[in-house]
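Rule-based calculations on the coordinates, nothing more; no lab input. Remember, it's a predicted structure, so these values are computed and weren't measured experimentally. Glycine gets a Cβ as well: all are built from the backbone with ideal geometry, and neighbour counts include every protein chain shown.
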Amino acid sequence: MLAQNNTGLIVIDIQGKLAKLVQDSNTLISNTEKLIKGAKVLCLPIIVLEQNPSKLGSTTEELSILLDTVSPISKFSFNACEEPALLEAMNNSNIKNWLICGIEAHICVYQTVLSLFLAGIKVQVVSDCISSRKLENKQLAIQKLLNLGVEITSLEMCLYEIMKDCKNPKFKEILPLIK
């Protein structure tokens, strides 16, 4: 079960023009903003990845403002696990559960999640914080991951799971993110 002391967030490649080309990009970015804000309120470690940033651009401005203290990890492989800096950051965090958001769902998100899952790392894909250029590709990625046993969650579901109950001192800060 997700908890404040055992959960982190990995943001995959929400950058450049591609972030504006995916299905329902405004909702993706808005939901990811809420997820990042929630992670920060809950003091969760955050890792940010950028695919070939010299060609695709950096993390979108809306998100980079929130991630001002996080240095993105550049990568070139679609599977971020091929980048040693990701695994090093994960190992240094001492976290057991990772929430995953990003683009594109059927490429970088899928390959990274699958690799982490097969390595025995507990991951949950935040379904309303991922996207692809085509809706069918997002749906296919989710279905394939589900068939393999990967857990799927949502923005609201994961934040409430981490808080456990309304007596959590962070509840009043999280509530406006969900409403």
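The table that follows gives values for the structure above.
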{"read-out": "Farthest toward positive dipole pole in the chain [+1 Lys/Arg, -1 Asp/Glu at C-beta], among Ile10, Gly38, Thr69", "value": "Gly38"}
{"read-out": "Student exercise, the chain dipole from Lys, Arg, Asp, Glu Cβ charges, in Debye to nearest 20", "value": "260 debye"}
{"read-out": "Cut-off under 5 Å, modelled amide H: who pairs with Ile73 long-range", "value": "Val48, Leu49, Glu50"}
{"read-out": "Cα gyration tensor category, rounded, prolate or oblate, for segment 88-179 with a/c compared to 1.5", "value": "oblate"}
{"read-out": "Leu175 paired with Thr27, simple spin-label distance in nm, labels 7 Å along Cα-to-beta-carbon", "value": "2.6 nm"}
{"read-out": "Set Lys138/Lys172; Lys122/Lys172; Lys20/Lys144; Lys134/Lys170; Lys37/Lys167 screened for pairs whose C-alpha atoms are more than 30 Å apart", "value": "Lys138/Lys172; Lys134/Lys170"}
{"read-out": "Using a Förster distance of 45 Å, the FRET efficiency for Asp165-Lys134 (Cβ separation, nearest 0.05)", "value": "0.70"}
{"read-out": "Segment 44-134 - percent relative contact order, Cα under 8 Å, separation 6 or more", "value": "26 percent"}
{"read-out": "Spatial extent of segment 22-109: Rg and Dmax, with the Cα atoms as the point set, Å", "value": "12.8, 34"}
{"read-out": "Percentage relative contact order, the chain, counting C-alpha pairs under 8 Å, at least six apart", "value": "28 percent"}
{"read-out": "Residue among Met157, Leu116, Ile47 farthest towards the positive dipole end of the chain, charges placed on Cβ", "value": "Met157"}
{"read-out": "Net charge dipole size for segment 59-140 [Lys, Arg +1 and Asp, Glu -1 on Cβ; Debye, nearest 20]", "value": "300 debye"}
